[in-house]
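Heads up: the structure comes next, in structure tokens.
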Amino acid sequence: FTVHNAANVTAGTADIENGKLVHVQAGGALVGTVGFSPYQEKYGVRLDYFQDITHPFAKLFFRASAPIEYIATDVKLRVASQTKQVFVNSAAVSLEDFFAGRVNITDDANELQSGLTKAKINGKRSVVGIADLDLSLGYKYLDKPDKHVYLSFDVTVPTGHNARGDYLFEPSYGNGHHVGLGGRIHTGFEFWKSDKACIKLEGVYRYSYLMEGTENRTLGLLNQGKFAHYYMVGKLDQAAATPLQPAANILTMPLTITPGSLLETTSTLAFCCSGFTLNVGY
């Protein structure tokens, strides 16, 4: 999108009026074309624990899964054809300065402006930790060497990272701190076998209902154009010498969210040979 003056926005050659991003008396000079190339990388390991319960309830089992994840995100902000804004008593500031929250004007009563504190765009961010813990109590409906069908009742305990909304495209592991209830079917059927090898068809089909919880999200402004949550705002009848601030500072708030139903399915073809297993699936 392009940031320019009001005349260019009216003419349709710009998307955002610069005077809505910076508070200046004599018209904004901040100009530039802003682009994003969002990028995410994720690595992890999952720890599984499986315990048969043979006494006093045969065929019952307990399972626990704990994924440990590293997630990094970067909006990759780039600005072209930029002209910086010079305030009366301050150094020149750029669009990168604005989105990083570094525009704080405190030394001129007519141009007071507080910096962006929410939905900032400022380089790569990363988090690491234990995502949601899945606990299962199951029953071995069918349990034979060449085929099995396991049924289980699942509970998801939220242990993940709850994003604060400080940055746009903020990395987060887990499901947003929602308790989940559901069930799972785990099947496996062996359809070829030799002395040392076999081929199995396996599947995991899981349903969960994620319950109501609180998430921090940045709301938009209706019918105000692109990225209107970055526009400068003030309060009605606010006192003199009170800084304006980006709307995102106010519009980022805890909201009550109910994700609802989640269905996960995995089907794999497993080749087993001398203790080695290769899975190919979808």
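List of remarks:
- Region 129-282, relative contact order [Cα under 8 Å, separation at least 6], %: 20
- Debye intensity ratio I(q)/I(0), log10, the chain, q values 0.16 Å⁻¹ (C-alpha model): -1.24
- For the residues E170, E69, E202, a GNM of the chain with alpha-carbon springs under 10 Å puts the largest fluctuation on E202.
- Most mobile listed residue (K200, K84, K76) in the chain, GNM with C-alpha springs under 10 Å: K200
- Where Rh is the Kirkwood radius over Cα pairs, Rg/Rh for region 64-132: 1.21
- Charge tally in the Cβ shell below 12 Å around A66, where Lys, Arg are +1 and Asp, Glu are -1, A66 excluded: -2
- Percentage relative contact order, region 144-206, counting C-alpha pairs under 8 Å, at least six apart: 35
- Summing +1 for each Lys or Arg and -1 for each Asp or Glu among the other residues whose beta-carbon sits under 12 angstrom from that of A248 gives +2.
- Whole-percent carbon and sulfur share, accessible surface of region 24-164, 1.4 Å: 55
- Calculated Rg and Dmax of region 130-201 using C-alpha coordinates, Å: 18.7, 59
- Accessible surface, per residue, of the chain when the full set of protein chains is kept, probe 1.4 Å, Å²: 57
- Pairs exceeding 18 Å between alpha-carbon atoms, taken from K144/K200; K124/K226; K76/K124; K20/K124: K124/K226; K20/K124.
- Taking θ as phi - 60° and the Karplus parameters 6.51, -1.76 and 1.60, the scalar couplings of region 238-247 work out to 5, 5, 4, 6, 9, x, 6, 8, x, 4 Hz in sequence order, x denoting glycine and proline.
- Helical contribution to [θ] at 222 nm, DSSP H n ≥ 4, -39,500 (n - 2.57), averaged over the chain, rounded to 500: -1000 deg cm²/dmol
- For region 32-108, a crude dipole built from +1 on the beta carbon of Lys and Arg and -1 on the beta carbon of Asp and Glu, taken about the Cα centre, is about 340 debye to the nearest 20.
- Across the cross-link table entries K42/K235; K84/K118; K59/K193; K120/K235, which are compared at the Cα atoms, the separations over 30 Å belong to K42/K235.
- Computed magnitude of the charge dipole of region 139-219 (debye, nearest 20; Cβ of K, R +1, Cβ of D, E -1): 320
- Length gained on full extension, V280 to A91, computed as 0.36 nm times the residue gap minus the Cα-Cα distance: 62.2 nm.
- Positive minus negative residues near A29 (Lys, Arg vs Asp, Glu; Cβ under 15 Å): -1
- Ranking S274, H4, S126 by how far each Cα lies toward the positive end of the dipole of the chain (charges on Cβ) leaves S274 at the top.
- Residue with peak Gaussian network fluctuation, the chain [Cα springs, cutoff 10 Å], from A64, A270, A163: A270
- Under the convention that each Lys and Arg Cβ holds +1 and each Asp and Glu Cβ holds -1, the size of the dipole of region 1-63 around its Cα centre is about 260 debye.
The values are calculated or read from the model by the stated rules, or taken from the named source; none is laboratory data. Remember, it's a predicted structure, so these values are computed and weren't measured experimentally. Note that each Cβ is placed from the backbone with ideal geometry, even for glycine, and that neighbours are counted across all protein chains shown. These accessible areas exclude ligands, DNA and RNA; they are computed on the full protein's heavy atoms, side chains included. Shrake-Rupley method; radii C 1.70, N 1.55, O 1.52, S 1.80 Å.
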